[in-house]
1. Which residues, taken from the stretch 52-79, are among the polar types (S, T, N, Q) and out of contact with any strand residue (DSSP E or B) (no Cβ under 8 Å at 6 or more places or on another chain)?
2. In this structure, is ARG119 in a loop (DSSP other than H, G, I, E, B), basic (Lys, Arg), within 30 Å of TYR240 (Cα to Cα) and more than 16 Å from the chain's Cα centre (by Cα)?
3. Looking only at residues that are in contact with a Gly (Cβ under 7 Å, 6 or more places away or on another chain) and part of a loop (DSSP other than H, G, I, E, B) in the stretch 169-227, which one is nearest to LEU250 (Cα to Cα)?
4. Does LEU165 count as modelled with pLDDT of 95 or more, more than 24 Å from THR16 (Cα to Cα), surrounded by 14 or more Cβ atoms within 10 Å (Cβ to Cβ) and not charged (D, E, K, R)?
5. Please specify each residue of the stretch 147-162 satisfying the condition of being small (Gly, Ala, Ser) and surrounded by fewer than 23 Cβ atoms within 10 Å (Cβ to Cβ).
6. Check whether at least one residue in the stretch 216-225 is farther than 30 Å from GLY145 by Cβ, in contact (Cβ under 8 Å) with a residue 12 or more places away in the chain and within 18 Å of the chain's Cα centre (by Cα), and report yes or no.
7. Restricted to the stretch 29-46, and to residues that are charged (D, E, K, R) and under 17 Å from the mean Cα position of the chain (by Cα), which residue is nearest to ALA78 (Cα to Cα)?
8. With the requirement that a residue be over 21 Å from the mean Cα position of the chain (by Cα) and among the basic types (Lys, Arg), what does the stretch 183-215 give you?
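The values are calculated or read from the model by the stated rules, or taken from the named source; none is laboratory data. Values in this document were obtained by computation on a predicted structure and should not be read as measured data. Cβ atoms come from the backbone with ideal geometry, glycine included; neighbour counts cover every protein chain shown.
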Amino acid sequence: MNLNLKKSIVFFDLETTGINTMTDRIVEIAILKVNPNGKEEMKSYRVNPEIPIPEKASEIHGIKDEDVKDCPTFKQIAKQLATFMEGCDISGFNSNKFDIPILAEEFLRADIDFDMRKRNFVDVQNIFHKMEKRDLTAAYKFYCGKDLEGAHGAEADTRATYEILKAQIEKYDDLQNDIPFLSEFSSYNKNADFVGRIIFNEENEEIFNFGKYKGEKVADVLRKDSGYYGWIMNGEFPLYTKKVMTEIKLKLR
């Protein structure tokens, strides 16, 4: 079956130096673009993270420092990636919590203001967990009836994610072949900043989802406690969270 697409969608997977969305770096990225006419385009890159790859990370994805020492840095390929993904919806496996936040941080470090907001985000893992509760290898076996060769390689994981989504749509009658529907279904919260520090309420207003002001509107907090903005900007928060905070603050002027 083919996805019912009104615009292109990219499936992507990252291999990284670790699991900290603020401090870890990409060492491999694969992006599969699927166009409304069914045409598929794949791009895959090894990336020099410019920091050492921990041994524990290498044990998972098999990529070591010597494998990427002559590869381009993310900043060197950022514009090309942004152009390739421009205007596309985005899908991945555990992408809402991990891959998208890390990608957003990398783009900001590369001085690329890649607009993540005007897109649908389809997290195939969330659909899997809501429907069956299990990891990518198990999902591939369950939905596609095949063993995942090359698991924890970005390209193999990316293509498996695409195949799983199509199989999920075929399997479940209550899943619509519609990207906006799948985006909403595969989200647990409507995040304003990807990692869920700031989310939208039912009125589509940004509210804090952590700390002493949890549940309060960000704009209201900034009006009554201007120092809270400085605390966040100087704290260990993702760059994209700080970007969202600054945008809200500027609207108050």
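1. Scanning the stretch 52-79 gives SER58, GLN76.
2. Answer is no for this residue.
3. ASN209
4. no
5. GLY150, ALA151, GLY153, ALA156
6. No, because not a single residue in the stretch 216-225 is farther than 30 Å from GLY145 by Cβ, in contact (Cβ under 8 Å) with a residue 12 or more places away in the chain and within 18 Å of the chain's Cα centre (by Cα).
7. Per the stated criteria, the residue is LYS43.
8. LYS212, LYS214
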